[in-house]
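Heads up: the structure comes next, in structure tokens.
The values are calculated or read from the model by the stated rules, or taken from the named source; none is laboratory data. Computed from a prediction, not measured in an experiment: that's the story for all the values here. So basically every Cβ, Gly included, is an ideal-geometry build from the backbone, and we count neighbours across all protein chains shown. SASA here: full protein model, heavy atoms, side chains in, ligands and nucleic acids out. Shrake-Rupley method; radii C 1.70, N 1.55, O 1.52, S 1.80 Å.
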Amino acid sequence: MNYVLVTGASAGIGETFARELAKEGENLILVARREERLSALASDLMQTFGISVETLAADLSSPDGVNQVIKAVASNQWQLRGLINNAGFGDRGQFHELSVKRQLDMIQVNVTSLVALTHYLIDNLRKTDNSFIINVASTAAFQAGPGMAIYYATKAFVLSFSEALHEELKASGVSVSALCPGATSTEFAAEANMTNTRLFKSGAMSAEDVVREALTKRGQAIVISGLRNRLMVWLGKFSPRLVTRRLAGWLQA
Ligand SMILES: NC(=O)c1ccc[n+]([C@@H]2O[C@H](COP(=O)([O-])OP(=O)(O)OC[C@H]3O[C@@H](n4cnc5c(N)ncnc54)[C@H](OP(=O)(O)O)[C@@H]3O)[C@@H](O)[C@H]2O)c1
């Protein structure tokens, strides 16, 4: 039996990935900290779609959380067909005024744990035909973000890492994509203190639209969600970095 492992599956984009993949008949391994949410989602998906769903309550802001996931996959001999590195969070504010612990936790969740999970699970994924990795980056990956300096930097890392891996793994049958959503209606904005920013007040995509597009375009190196975001990224390519970073800072206010 093959599984798709989704991190950050207790809410938002990750939960939506779980629901959409369940519709496709995929068996799932759901990872996040909030165990009750994962269990409720698992019961719902097993009952509705007749698939197998495993849950793992793990905190990916620590290496222990990653080890827990790796050990569970190995000891249960779960064969993976997909890995969706989606868990992540942001934190708005001036870098020097924000909690340094929260910034370092963000690097751990958004970057270090994503890299570790990918590294440990690649051999497993290579054993299945047409397997895939989707790393959730952001349109934040394309420029610096004053007012959210660390978050933007983590997403730039995810984009660069995923693009390189896309090429490295091409011949092995594992496709790698960086998914780059713009503002999306989830719990993210409240968690990141962004609800009242120009960015979120100017409109957000639904998680369903983001995820359906990501799954349709599975295998592409970079998937930017929605026409408006694609246009913004494209225009950014022709603008000086001074302009794009100041625009990002303005949108964050
Ligand atoms: N929403 C947006 O506007 C937007 C735009 C671009 C990119 N993104 C990216 O999309 C991804 C998903 O975000 P979302 O919008 O769906 O936000 P969300 O609704 O807040 O969901 C975040 C998910 O990440 C999990 N998570 C957070 N910290 C974790 C930790 N320490 N250990 C394990 N899991 C953790 C949460 O689960 P628990 O709290 O249960 O642990 C939750 O399931 C993130 O990588 C985010 O950066 C979001």
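Summary of computed values
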{"read-out": "For the chain, calculated [θ]222 nm from helices alone, where every DSSP H run of n ≥ 4 adds -39500 (n - 2.57)", "value": "-15000 deg cm²/dmol"}
{"read-out": "Tilt relative to the chain, helix 63-75 - C-alpha long axis, 0 to 90 degrees, to 10", "value": "30 degrees"}
{"read-out": "Cα-based Rg of the chain normalised by 2.2 N^0.38 Å, two decimals", "value": "0.97"}
{"read-out": "Rounded tilt (10° steps) of 227-237 against the dominant C-alpha axis of the chain", "value": "60 degrees"}
{"read-out": "Heavy-atom accessible surface of the chain: percent carbon and sulfur, 1.4 Å", "value": "53 percent"}
{"read-out": "Count of lysine pairs in segment 2-252 with Cα separation under 19 Å (8 or more residues apart, or interchain)", "value": "6"}
{"read-out": "Cα-based helix-to-principal-axis angle, 149-168 vs the chain, degrees rounded to 10", "value": "50 degrees"}
{"read-out": "Sites matching trypsin sites (Lys or Arg not before Pro) across segment 122-164 that sit in DSSP coil, with at most 14 neighbouring C-beta atoms within 10 Å", "value": "K127"}
{"read-out": "Per-residue SASA entry for D91, accessible area with 1.4 Å probe, Å² rounded to 10", "value": "20 Å²"}
{"read-out": "Solvent accessible area, Å² - M46, 1.4 Å probe, full protein context", "value": "80 Å²"}
{"read-out": "Whole-number accessible area per residue in Å² for segment 1-106, which is evaluated in the context of all protein chains at 1.4 Å", "value": "46 Å²"}
{"read-out": "Alpha-carbon centroids, segment 55-95 and segment 159-201: separation in whole Å", "value": "16 Å"}
{"read-out": "Exposed GluC sites (Glu not before Pro) absent - longest run of the chain, DSSP non-H/G/I/E/B, at most 16 other C-beta within 10 Å", "value": "25-186"}
{"read-out": "At most 13 other Cβ within 10 Å, DSSP loop - chymotrypsin sites (Phe, Trp or Tyr not before Pro), segment 172-253", "value": "F238"}
{"read-out": "Most fluctuating residue given options L45, L104, L60, as computed from a GNM of the chain linking Cα atoms under 10 Å", "value": "L104"}
